[in-house]
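Right, one structure below, let's go through it.
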Amino acid sequence: MNAAAASTYPIVTRVWKSSIGRKLIVAITGLVLVLFLAGHLAGNLLVYVGREAFNDYAQFLHHFLHGAGVWIARIGLLVAVVFHVAATISLTRENRAARESYAHPATIQTTKSSKLMIWSGLTILAFVIFHLLHFTVRVSFPAERYVDHDKFGELRFDAWRMVIDGFSNPLVVLFYLIAMTLLCSHLSHGVQAMFQTLGLRSKKSAPMVNALSKGYAVLIYLGFISIPLAILIFKFGR
Ligand code: HEM
């Protein structure tokens, strides 16, 4: 394919066809997911403030922009996840083909960490499907049994009680802990790679970027695991 013919492709196709374009897609969608995690954790920590604060927050999310807000966020997240996974799969395939003719110790090291990224990523994906069935579809929390009232006396779903009941099951908590541990490892490496792709990690700034990525991953980890552990072990809310 000559350059003149390739330049007639739409911009999206041109970005996808170049490996730096796909790396940028992984980095930008990764950033969207990293920001989502910080926002989701901040909201979840309201569980400690109490039932009313947590349920007010859940009610706000579901009524934002007359109910459209939550769907805009869901579609945005879905698009980010699909592009993040598809671009990663495509880059991995391409790299594997190049690596096979080119094996030396540094490449083997890269292979190990990219394998861990793929397996941690797939576990996070499986976790998200379980988590959606658990807390969004609420397969085991029928609305008629989880009833709360807002300050105007309007009926609403008792999301706080659902979280407390959800984490009263040790097997569920164990699965969350495993998934959060892999999420922490995925984030720690992924945030560093994101800075690298966006050209924000030079030789000089690398130690700071690495510390920032690890620090962010650990904060997200501790915040998320604190909730199931507080409920199961310290009987918070029970
Ligand atoms: C202790 C950890 C967590 C708790 C207590 C928690 C809690 C919740 C709750 C209560 C909801 C339902 C919100 C609603 O519909 O009112 C929810 C939705 C969701 N959570 Fe989590 N979450 C946790 C960890 C995570 C993690 C680590 C991820 C991502 C890797 C995640 C991704 C999502 C997504 C994508 C939704 C769906 C949002 C929607 O469309 O409604 N959560 N979570």
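The values are calculated or read from the model by the stated rules, or taken from the named source; none is laboratory data. Bear in mind that the values here come from a model prediction, so they are computed numbers and not experimental data. Because the Cβ atoms are built from the backbone with ideal geometry, glycine has one as well, and the counts that use them run over all protein chains shown.
Does Ser188 satisfy the condition of being closer than 26 Å to Leu91 by Cα and under 18 Å from the mean Cα position of the chain (by Cα)?
yes
State yes or no: is Leu116 out of contact with any Cys (no Cβ under 8 Å at 6 or more places or on another chain), modelled with pLDDT of 95 or more and not polar (S, T, N, Q)?
no
Given the criterion of a type in the set (Gly, Ala, Ser) and under 20 Å from Leu78 (Cα atoms), identify the matching residue among Gly153, Gly190.
Testing whether each residue is of a type in the set (Gly, Ala, Ser) and under 20 Å from Leu78 (Cα atoms) leaves just Gly190.
Output the number of residues of the range 179-198 satisfying the condition of being within 14 Å of the ligand (Cβ to nearest atom) and outside any helix (DSSP H, G or I).
Residues meeting the conditions: 0.
Pull up the range 220-238, narrow it to residues that are assigned to a helix (DSSP H, G or I) and of a type outside the set (A, V, I, L, M), then point me to the one that is farthest from Leu177 (Cα to Cα).
Among those residues, the one meeting the criterion is Gly223.
Filter the range 18-48 for residues that are in contact with a Leu (Cβ under 8 Å, 6 or more places away or on another chain), more than 15 Å from Ala80 (Cβ to Cβ) and buried (at least 16 other Cβ atoms within 10 Å of the Cβ) and give the result.
Of everything in the range 18-48, just one residue is in contact with a Leu (Cβ under 8 Å, 6 or more places away or on another chain), more than 15 Å from Ala80 (Cβ to Cβ) and buried (at least 16 other Cβ atoms within 10 Å of the Cβ), namely Lys23.
Taking interchain pairs and intrachain pairs at least six residues apart, which have beta carbon atoms under 9 angstrom, with the first residue in the range 70-90 and more than 16 Å from Ala126 (Cβ to Cβ) and polar (S, T, N, Q) and the second more than 8 Å from the ligand (Cβ to nearest atom) and assigned to a helix (DSSP H, G or I)?
Between residues of the range 70-90 that are more than 16 Å from Ala126 (Cβ to Cβ) and polar (S, T, N, Q) and residues that are more than 8 Å from the ligand (Cβ to nearest atom) and assigned to a helix (DSSP H, G or I), the close pairs are Ser90/Trp16; Ser90/Ser19; Ser90/Arg22.
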